[in-house]
Amino acid sequence: MKLNMWIKKNENRIITGAAVALLAVFVAVSFDYFYDLNDDVLMKDILAGAYTGTPEGHNIQMLYLVSAFISLFYKAARGLPWYGLFLCFCHFGCFSLILSRSLTFCKSVGGKIIMAMTEGLFWGGLFLEHLVFAQYTVTCTLLAGTAAFLFYTTDIELDGRTFIKKNIPAVLLVSIAYLIRSEMLLLVLPMICVAGVAKWGSEEQIFTREHQMKYLTVIGLILAGILFGQITYRIAYGSEEWRTFIEFFDNRTELYDFQQPPSFEEHREFYEGIGLTKSEKVLLDNYNFGMDEEIDEVMVGAIAEYAGKVKSAETSFWGKLSVKLRDYIYRFTHGRGAAGSDYPWNYAALLGYFMVFAAAVPGKYTKEKIQESGKGTYLKNVLGISWKLGLLFVVRTLLWMFILMRDRAPERITHSLYLMELCVLGAMIFAHWQKICRLKSRRILAAFAIVGFGVAAILILPENIQKVSKKQAEREAVNDRFQELYDYFGNEENKDNFYLIDVYSSVSYDSVPYSEKMFKNVDNSIDNYDIMGGWACKSPLQRKKFAKFGMEDMEQALREKENVYFVRQKEEDMQWLLDYYKGHGTPVKVTLTDTVAEVFEVYKVEAKVPQA
């Protein structure tokens with residue numbers, strides 16, 4: 001009897017736990033968990049101590065509080081994959097929160113099980129790639145989307161104090177999302193604001209003292225969380241060395257992510273004016289700018305500014321706007337098989353808009369109230385939901401045009417925008433469905449929604465399983481080659497050497513990106529190699545790493561130190577290296593010392609002895 005009472009009392013937790021566990025086991029058995037990009041791998045290495053030899057709280061990409069928090073776990077037990085566990089905890093934790101809240105709208109156990117199955121299939125089908133190949137940008141958006149979902153589905157009838165308490169988890173999720181990836185949280189923050197405006201606009205009386213207290217307090221707490229994260233970040237990175245690097249980092253991001261270094265020959269006067277030679281400009285083109293200490297924050301900032309002016313002069317704003325608007329419409333409306341479309345995410349969003357509208361039209365009116373107040377009640381509901389969906393669509397359009405106009409729309413950003421939008425739409429479906437008084441209407445709509453999203457999930461899942469399986473096989477083949485290289489670096493004979501890797505040679509092979517598995521071959525001992533560019537280049541962390549190996553800078557160490565070597569993939573050019581040293585008046589000779597995995601070549605670089 002007590003057991004039955006306990007099960008009844010905790011059935012939502014049991015169903016949620018079972019659904020999340022099944023999804024996690026399915027992913028773990030069918031696939032492996034990967035870090036999506038080499039950026040994520042470097043973040044993990046910094047946190048774990050594999051980069052500098054000590055777990056670091058200054059992770060550069062994340063704000064300080066969350067990176068310092070993760071690094072504490074590595075300090076306590078360095079051999080465990082804490083960063084991977086953190087990402088997975090965020091992913092499955094968010095799914096758990098969304099599903100748990102969804103189940104509160106169901107009364108019967110059977111309905112809850114069907115709900116869990118539908119959401120599990122839909123979540124797994126649409127989000128599978130990001131569960132397997134984890135990327136912190138997507139993780140940030142998932143936390144923000146979950147916060148919007150929880151906020152919008154909070155019972156609107158609650159008194160102000162209870163409403164605020166209920167939304168403390170949502171506030172914390174937004175704050176953590178900002179710490180993980182501040183730029184991404186700020187990008188999707190307008191959608192969170194849409195959820196807030198739409199929720200507040202659902203009140204019978206909008207501008208009452210209690211309602212102002214309810215919503216403005218939640219907004220204030222979110223802003224306070226963001227402000228606190230930013231203040232602690234400024235304090236943690238407040239030293240002169242870190243401030244200089246952050247300026248370099250921001251300028252480098254602007255140059256590579258949103259502009260491109262103009263060609264040297266066409267813009268020779270500009271480059272010579274800032275003191276950059278042709279051989280040095282090549283370092284910016286192939287990302288090996290770590291070789292030259294003179295390429296600093298001021299120079300990179302000047303190039304980024306100049307590149308922006310050149311880019312603006314080449315294409316008019318209105319001409320580009322027209323092209324990007326057509327691209328936006330194409331991506332959002334075209335389906336399976338259409339090159340460049342956002343299928344299946346776009347169709348899932350379209351289904352979401354339709355279901356929200358269908359849930360809102362019946363409203364909270366019974367048949368008798370409709371007869372009393374006239375058919376205008378339906379029109380009122382149509383208008384009420386139309387401005388909410390219209391506002392959401394306008395904001396999503398502006399966000400999309402922003403990223404398209406900046407020529408920066410990788411999947412980790414576009415999928416994140418869809419994910420955020422779907423969380424808001426999902427919350428609207430539940431909130432408006434709950435207002436339908438007629439039981440028959442509610443059941444019809446619930447069945448329609450379950451069938452719609454269930455069929456969508458069943459159609460999406462097999463295709464995504466095949467896609468992810470193929471991608472995993474490709475990555476494993478590439479990773480095997482890189483793992484052989486890193487094993488070579490760490491073997492007994494070479495462990496006291498240091499290897500500088502050409503950037504393009506380090507990120508991919510045959511256009512397949514290199515990444516690592518989260519939970520296999522975990523080795524957090526210090527690495528005796530580094531790439532010659534990238535976002536951690538010229539940072540205090542890199543200088544700390546170099547100091548451990550008796551190095552001051554790449555140029556001098558590679559030319560003069562006996563135990564420092566240059567590594568490239570065979571197909572990558574290395575003439576730039578010879579030209580660079582020659583241009584600096586210190587010509588060198590290179591000698592091939594080893595070939596690894598039939599792909600990588602290891603070279604000794606030595607100063608060329610002048611002929612008598």
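The values are calculated or read from the model by the stated rules, or taken from the named source; none is laboratory data. All of these numbers come straight from a predicted model, not from anything done at the bench. Methodologically, a virtual Cβ is constructed for each residue, glycine included, from the backbone with ideal geometry; neighbour enumeration extends over all protein chains shown.
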Cβ-Cβ under 8 Å pairs, at least 6 apart or on other chains, segment 49-69 side over 23 Å from residue 531 (Cα atoms), far side of a type in the set (Gly, Ala, Ser) and assigned to a loop (DSSP other than H, G, I, E, B): 64/57; 68/57
Any hit, segment 581-596, residues being in contact with a Lys or Arg (Cβ under 7 Å, 6 or more places away or on another chain), touching a residue at least 12 places away in the same chain (Cβ under 8 Å) and part of a loop (DSSP other than H, G, I, E, B): yes
Meets criteria (within 29 Å of residue 202 (Cα to Cα), surrounded by 17 or more Cβ atoms within 10 Å (Cβ to Cβ) and in contact with a Gly (Cβ under 9 Å, 6 or more places away or on another chain)) for residue 419: yes
Close pairs from segment 315-327: first β-branched (Val, Ile, Thr), partner modelled with pLDDT under 90, Cβ under 9 Å, at least 6 apart: 323/315
For residue 500: the one exception among (1) of a type outside the set (Phe, Trp, Tyr); (2) over 24 Å from residue 83 (Cα atoms); (3) modelled with pLDDT of 90 or more; (4) out of contact with any Phe, Trp or Tyr (no Cβ under 6 Å at 6 or more places or on another chain): (4)
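When the residues of segment 134-169 are filtered to those that are among the hydroxyl-bearing types (Ser, Thr, Tyr) and outside any helix (DSSP H, G or I), which remaining residue is surrounded by the fewest Cβ atoms within 10 Å (Cβ to Cβ)? Step through it out loud before you land on a result.
Initial filter on segment 134-169 (among the hydroxyl-bearing types (Ser, Thr, Tyr)): 136-137, 139, 141, 146, 152-154, 162.
Next, from what is left, pick out any that are outside any helix (DSSP H, G or I): 153-154.
Values: 153: 24, 154: 22.
Looking at the filtered set, the residue picked out is 154.
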Some residue of segment 511-531 being closer than 28 Å to residue 85 by Cβ and part of a helix (DSSP H, G or I): no
Long-range neighbours under 8 Å by Cβ, at least six apart or interchain, first residue without any contact (Cβ under 8 Å) to a residue 40 or more places away in the chain within segment 97-112, second assigned to a helix (DSSP H, G or I) and of a type outside the set (Lys, Arg): 106/115
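Residue-by-condition table, conditions (1) within 30 Å of residue 38 (Cβ to Cβ); (2) under 13 Å from the mean Cα position of the chain (by Cα):
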position: 99; (1), (2): no, no
position: 103; (1), (2): no, no
position: 111; (1), (2): no, no
position: 117; (1), (2): no, no
position: 124; (1), (2): yes, no
position: 130; (1), (2): yes, yes
position: 136; (1), (2): yes, yes
position: 139; (1), (2): yes, yes
Residue count for segment 528-546, restricted to those that are among the small types (Gly, Ala, Ser) and at pLDDT 95 or above: 1
Selection within segment 185-202 - surrounded by fewer than 15 Cβ atoms within 10 Å (Cβ to Cβ) and either of a type in the set (Asp, Glu) or in a loop (DSSP other than H, G, I, E, B) (or both): 201
Residue ranges of helices (runs of 4 or more DSSP H) in segment 307-390 with at least 1 members at pLDDT 85 or above: 317-333, 345-360
